[in-house]
1. So which helices (runs of 4 or more DSSP H) stay within region 207-318 end to end and still have 3 or more residues that are in contact (Cβ under 8 Å) with a residue 60 or more places away in the chain?
2. Considering only region 128-147, state which residues are in a loop (DSSP other than H, G, I, E, B), in contact (Cβ under 8 Å) with a residue 24 or more places away in the chain and under 19 Å from Ile192 (Cα atoms).
3. Looking at the structure I just gave you, is Glu109 within 29 Å of Tyr69 (Cα to Cα), of a type in the set (Asp, Glu) and touching a residue at least 12 places away in the same chain (Cβ under 8 Å)?
4. So how many residues does region 159-204 have that are of a type outside the set (S, T, N, Q) and farther than 25 Å from Leu54 by Cα?
5. Condition test on Gln123, is it closer than 19 Å to Ile4 by Cα and surrounded by fewer than 15 Cβ atoms within 10 Å (Cβ to Cβ)?
6. Please determine, by comparing only the residues of region 306-318 that are more than 14 Å from Ser225 (Cα to Cα) and of a type in the set (A, V, I, L, M, F, W, C), which one is surrounded by the most Cβ atoms within 10 Å (Cβ to Cβ).
7. Give me the pairs: first residue in region 154-183 and under 17 Å from Arg128 (Cα atoms), second residue buried (at least 21 other Cβ atoms within 10 Å of the Cβ) and of a type in the set (Gly, Ala, Ser), beta-carbon distance under 6 Å, and six or more apart or on different chains, which are they?
Amino acid sequence: MNIIEINNLTLGFNCACGFCEALHNVSFNLKKGELHALVGESGCGKTISAMSILRLLPKNAKITGGEIYYNGQDLLKLPEREMNKIRGAKIALIPQDPMTSLNPLYTIENQLLEVIKIHQGLQGREARDKAIEALEQVQIPCPELRMKSYPHEFSGGMKQRAIIAMALACNAEVIIADEPTTALDVTIQAQIMNLLKNIKEKQGTSILLITHDLALVKENADRISVMYSGDIVESGNNTEFFACPKHPYSIALLNSLPANNKGRLETISGQPPNIQQKINGCKFHPRCKECMEICSQKDPTETAISRTHSAKCFLLKK
């Protein structure tokens, strides 16, 4: 069952040079109780795709097409008042930078209680008990004592746990985790990912993980969607994707991992295009080692490799 379903989402930005399209008919879904990873280089459209679900977009952004469904309800058609009931309460966000996501002027308790009062309608002792329970769930020791702390008294890993606690306190069905392990050391990264996996398994929470760390994805994700230049170029379950990637971009990303190379690391030549660059045909063809003449002339359509695995590449049509 799909709890989130995005169909043909198209989005752009009003820039000094005119309107520039950033997402091109993006389609993917998030199933109940699954961890779905959106991967790709920085600037490929991962975060803006996820922020579109919450409709938390820059003022110059405009959605020009597509649908975003949450439990069968089109979020793009909801008035702002109804969206405010979903943000935080039903779909929670773990932002990219835990260091700056908490207000330094307020204690952890103040910030947790504010979220609980707004989204759960709890007050007084009931709200405080809920906050303590949320901190216990994310394994913060001595939660009653640590609630009195200010953000600067928490380590990076504990800040991230506090933000996850806010999502848990609201009983969110969906958590969007935007680079939740950025700037954390390897040990803390593993702890945060184990925490998210436990939340998924014990509470049935669906998690959309945005990351460029394919090693982390291999260990934790149920499904993977690879983004390049505002489009999903390959999608599949964990086993199929890592055993037999099909798109040249996916293969290049995997070949750049140290674990996949015994000799010199491979690199992907060039840079991802910015939204102002106009590229005919497949957006990856200027960097692709397998490029054919047709790649610069037409956009490839999706090819089904199996029931759960698909990719957009002309090599699959040969």
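1. Of the helices (runs of 4 or more DSSP H) lying wholly inside region 207-318, those with at least 3 residues that are in contact (Cβ under 8 Å) with a residue 60 or more places away in the chain span 214-220, 248-255.
2. Scanning region 128-147 gives Val138, Gln139, Ile140.
3. Against the criterion (within 29 Å of Tyr69 (Cα to Cα), of a type in the set (Asp, Glu) and touching a residue at least 12 places away in the same chain (Cβ under 8 Å)), Glu109 does not qualify.
4. Looking only at that region, the number is 5.
5. No: the conditions fail for Gln123.
6. It comes out as Cys313.
7. The qualifying pairs are Ala165/Ala134; Ala167/Ala92; Leu168/Ala134; Ala169/Ala134.
Yes/no per residue for (1) outside any helix (DSSP H, G or I); (2) over 20 Å from Leu30 (Cβ atoms); (3) within 17 Å of the chain's Cα centre (by Cα):
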{"site": "Glu126", "(1), (2), (3)": "no, yes, no"}
{"site": "Lys159", "(1), (2), (3)": "no, yes, no"}
{"site": "Asn171", "(1), (2), (3)": "yes, no, no"}
{"site": "Ala177", "(1), (2), (3)": "yes, no, yes"}
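The values are calculated or read from the model by the stated rules, or taken from the named source; none is laboratory data. These numbers were taken from a predicted model, which means no experiment stands behind them. Note: ideal-geometry Cβ built from the backbone for every residue, glycine included; neighbour counts use all protein chains shown.
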